[in-house]
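The next block holds one structure in the form of structure tokens; read it before the comments.
The values are calculated or read from the model by the stated rules, or taken from the named source; none is laboratory data. Everything numeric here is computed off the predicted structure, so don't read it as measured data. Here the Cβ positions follow ideal geometry from the backbone for every residue, glycine too, while neighbour counts run over all protein chains shown. To get the accessible areas, we keep the full protein, side chains included, count just its heavy atoms, and leave off ligands, DNA and RNA. Shrake-Rupley method; radii C 1.70, N 1.55, O 1.52, S 1.80 Å.
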Amino acid sequence: MATVDIREVRKAFGSTQILHGVSVAIEDGQFVVLVGPSGCGKSTLLRMLAGLENITGGEIAIGERVVNNVPPKDRDIAMVFQNYALYPHMTVFQNMAFSMKLAGAPKDVMEREVQKAARILGLEQLLHRFPRQLSGGQRQRVAMGRAIVRNPQVFLFDEPLSNLDAKLRVQMRSEIKELHQRLKVTTVYVTHDQIEAMTMADLIVVMNHGRIEQAGAPLELYDRPANLFVAGFIGSPAMNMLEGHIADGAFHAAGGVRWPLPPGAPTSGEVIYGIRPEHLHLDPGGLPASIQVIEPTGSETQVLLRIGDASLLGAFRERISGAPGSALPVSPDISLVHLFDKKTGQRIP
Amino acid sequence: MSVTAAETWRPRATQQGWLSRLFDNKAFLIVMCLAPAIGLLMVFLTYPLGLGVWLAFTDTTIGQRGIYVGLENFEFLFGDPIFWNAIFFSVFYTGVATVGKFGLGLWLALLLNNHLPFKSFLRAIILLPWIVPTVLSAIAFWWIYDPQFSIISWVFIELGLRETNIDFINTAWPARWSLIAANIWRGIPFVAISLLAGLQTISPSLYEAAMLDGATAWQRFRFVTFPMLLPILAIVMTFSIIFTFTDFQLVYAITRGGPVNSTHLLATLAFQRGIPGGQLGEGAAIAVAMIPFLVFATLFSYFALARRKWQQGESND
């Protein structure tokens with residue numbers, strides 16, 4: 001187990017800058033999720049951590065040791081690939097034992113370690129199968145087993161769940177989290193799925209265009225997104241954003257609707273008003289809203305609302321019925337309203 | 001949601017003609033689609049092969065219809081040292097050339113699988129020996145091996161490394177090695193390009209996983225590349241062995257089986273005896289003698305190398 005220190009790391013392929021100076025300090029035993037849209041550089045950063053990509057600038061340290069020029073096999077890390085990268089010509093046992101075989105471990109040690117990992121992952125019955133005889137979830141477990149037997153300082157996961165179906169993904173998500181709680185190994189996990197990030201991480205690092213937009217605990221990102229990108233990326237369904245300006249102690253959205261301001265808001269200026277769907281409440285004396293579409297999900301009801309010129313999504317615990325066009329007045333929970341500067345996209349205050 | 005049912009358009013139920021019903025008939029379709037292929041195979045493959053096998057059991061010569069003589073041709077060949085020499089050289093030629101082709105071809109494929117500048121250009125160049133008609137390259141080699149005008153001899157003499165011309169094809173062993181060299185040169189592209197195609201099917205993440213597992217470059221080849229390449233290697237090797245064992249053009253164009261019959265392959269000997277020598281029955285017998293070798297080579301590479309449990313997806317127990 002070890003800390004991981006990423007200091008001002010840059011990456012360029014030719015003249016294309018992929019990462020523009022990224023710094024993350026990862027504590028020993030922490031579960032860190034790098035999250036962001038495709039092409040944001042999260043996988044590249046992970047591969048640099050693994051030693052599969054060169055580091056153009058900056059430093060990566062695992063424990064006390066700077067590993068910029070250390071080959072992958074000497075970094076004491078294990079990685080789970082998106083396509084699992086299981087050796088198709090080896091059985092599950094051979095796949096898991098491969099690193100020990102290369103290291104010249106004696107047979108009984110290999111047997112013991114593989115059995116131990118197989119027990120943790122419930123793979124005992126599958127050790128003699130070939131990868132193509134396994135289901136997606138089983139392959140995923142073998143890939144993790146291969147990482148576990150290495151007993152590494154750091155686990156790296158590169159979008160490990162994206163090849164699984166939705167149900168299995170939820171199941172594996174909690175299995176990975178449970179595994180981490182059990183082994184307490186520093187873990188860096190890459191995903192583009194913000195729900196995975198929210199549910200698994202101790203620390204989420206939101207990346208976009210090769211930069212870190214915000215790093216923090218999951219609920220910190222949800223409660224106080226630092227900018228428009230994070231506000232839109234974290235949370236599902238996504239936050240509603242309204243353009244407009246502040247005047248006379250209220251937010252004036254296009255279409256002439258006056259929205260109440262949170263405490264400590266500025267008294268004037270062009271801003272973006274953000275309110276999460278779940279922070280709108282039914283309120284007979286609230287803003288004049290009309291129903292566009294109702295989507296009942298059982299546990300909650302999502303309603304696409306028309307307020308002034310804007311369409312907003314509301315998520316309510318109540319069961320709602322009503323014809324499209326009928327009125328459904330709502331008000332925002334003002335303590336949970338987010339304001340962002342229109343020019344910079346940064347949070348106010 | 002149509003307003004009235006009468007306005008809804010419906011396709012007219014058409015009565016099919018006898019022709020379209022015939023073409024919908026599965027049995028008719030099977031016969032009709034298979035007939036051309038079977039016809040071609042019968043006329044151009046089965047008939048010549050059958051005729052060749054039949055001729056091997058007759059004493060047919062050119063201009064004279066033979067009679068059935070049983071195993072007489074084979075009995076004669078068993079006592080013929082030239083025939084045994086041809087068998088020896090065929091096996092030797094195939095064995096050495098295959099090792100050479102696969103050694104160099106695999107090496108070349110591994111090189112070309114890396115990121116190289118001008119990669120596609122290099123790949124095109126590699127194919128050259130293969131796309132030149134064999135007889136042309138054989139003639140080129142004939143010149144290269146010429147006792148008087150050999151360019152290799154010339155280079156060595158100019159460099160002062162030798163005083164006299166090299167004897168390439170006028171004594172038995174140098175001639176054999178020269179032919180094998182020419183065959184390797186011709187065979188490398190096929191092997192290299194086929195294996196390169198095989199290499200490119202191996203996912204790069206497997207190499208990355210192996211790298212993280214601590215494998216050196218040699219171990220990555222030994223434990224990842226090679227086993228994953230085995231199935232395609234087996235197929236390519238089967239073809240290569242068949243082509244090499246039945247080779248005719250190179251040998252016939254360069255040495256015509258000489259000097260003193262020392263470089264005859266079974267194919268050249270069969271031709272020599274059958275067409276210029278006129279002994280069709282005996283030539284056919286020599287050709288038939290190749291069949292067991294080819295069957296064995298095919299079965300060996302098919303069963304020993306091609307079938308891999310990890311590819312089959314069936315239970316391993």
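Within the stretch A:55-93, the residues that satisfy the criterion of being under 26 Å from the mean Cα position of the chain (by Cα), over 20 Å from A:S43 (Cβ atoms) and open to solvent by less than 30 Å² (accessible area, probe 1.4 Å) are A:A61, A:G63. Pairs meeting the criteria (first residue in the stretch A:278-295 and without any contact (Cβ under 8 Å) to a residue 60 or more places away in the chain, second residue open to solvent by 70 Å² or more (accessible area, probe 1.4 Å) and in a strand (DSSP E or B), beta carbons under 6 Å, at least 6 apart or on different chains) are A:S290/A:R306; A:S290/A:A327; A:Q292/A:R306. Residues in the stretch A:94-110 that are within 14 Å of chain B (Cβ to nearest Cβ) and aliphatic (A, V, I, L, M) were compared, and the one that is surrounded by the most Cβ atoms within 10 Å (Cβ to Cβ) is A:M96.
Somewhere in the stretch B:93-101, is a residue open to solvent by less than 30 Å² (accessible area, probe 1.4 Å), in contact (Cβ under 8 Å) with a residue 60 or more places away in the chain and not in a helix (DSSP H, G or I)?
The answer is no, given that none of the residues of the stretch B:93-101 is open to solvent by less than 30 Å² (accessible area, probe 1.4 Å), in contact (Cβ under 8 Å) with a residue 60 or more places away in the chain and not in a helix (DSSP H, G or I).
Look at (1) crowded, with 22+ Cβ neighbours inside 10 Å; (2) farther than 30 Å from B:D167 by Cβ; (3) polar (S, T, N, Q) and you find that B:T268 fails only one, number (2).
Looking only at the stretch A:111-138, how many residues end up being part of a helix (DSSP H, G or I) and within 13 Å of chain B (Cβ to nearest Cβ)? Looking only at that region, the number is 5. Does A:D5 meet the test of being farther than 18 Å from A:L179 by Cβ, more than 26 Å from the chain's Cα centre (by Cα) and surrounded by fewer than 22 Cβ atoms within 10 Å (Cβ to Cβ)? Taking the combined requirement at face value, the residue does not satisfy it. Based on this model, can you work out whether B:F141 counts as under 27 Å from B:G257 (Cβ atoms) and part of a loop (DSSP other than H, G, I, E, B)? In short, no.
The set of residues in the stretch B:46-60 being open to solvent by 30 Å² or more (accessible area, probe 1.4 Å) and outside any loop (DSSP other than H, G, I, E, B) consists of B:T46, B:Y47, B:P48, B:L49, B:G50, B:L51, B:V53, B:W54, B:L55. Take the residues in the stretch B:215-224 that are free of Cβ contacts under 8 Å to residues at least 60 places away in the same chain and among the aromatic types (F, W, Y); name whichever of them is farthest from the other protein chains (Cβ to nearest Cβ). That would be B:W218.
For the stretch B:200-214, taking the residues that are assigned to a loop (DSSP other than H, G, I, E, B) and under 35 Å from the mean Cα position of the chain (by Cα), the one that is nearest to the other protein chains (Cβ to nearest Cβ) is identified as B:S203.
Look at the stretch A:57-81: where a residue is within 21 Å of A:G29 (Cβ to Cβ) and a partner is aromatic (F, W, Y) and surrounded by 16 or more Cβ atoms within 10 Å (Cβ to Cβ), sitting 6+ places away or on another chain with Cβ atoms under 6 Å, you get A:A78/A:F155; A:V80/A:F157. Within the stretch A:19-52, the residues that satisfy the criterion of being open to solvent by less than 40 Å² (accessible area, probe 1.4 Å) and within 14 Å of chain B (Cβ to nearest Cβ) are A:S43, A:T44, A:L46, A:M48, A:L49, A:A50, A:G51, A:L52. All told, A:D223 falls short of being within 14 Å of the chain's Cα centre (by Cα) and either open to solvent by 50 Å² or more (accessible area, probe 1.4 Å) or closer than 30 Å to A:L339 by Cα (or both). Among the candidates B:F245, B:F300, B:F271, B:F239, single out the residue that is at pLDDT 90 or above, in contact with a Ser or Thr (Cβ under 9 Å, 6 or more places away or on another chain), aromatic (F, W, Y) and more than 28 Å from A:A103 (Cα to Cα). Result of the check over B:F245, B:F300, B:F271, B:F239: B:F245.
A:F233 is checked against (1) in contact with a Pro (Cβ under 6 Å, 6 or more places away or on another chain); (2) buried (at least 22 other Cβ atoms within 10 Å of the Cβ); (3) not hydroxyl-bearing (S, T, Y) and fails just one. What number does that condition carry? Every condition holds for A:F233 apart from (1).
Residues in the stretch A:179-190: is at least one open to solvent by less than 50 Å² (accessible area, probe 1.4 Å), assigned to a helix (DSSP H, G or I) and at pLDDT 90 or above? Yes, there is a match, as at least one residue in the stretch A:179-190 is open to solvent by less than 50 Å² (accessible area, probe 1.4 Å), assigned to a helix (DSSP H, G or I) and at pLDDT 90 or above. Of all the residues in the stretch A:273-308, those that are open to solvent by less than 30 Å² (accessible area, probe 1.4 Å), at pLDDT below 90 and outside any strand (DSSP E or B) number 0.
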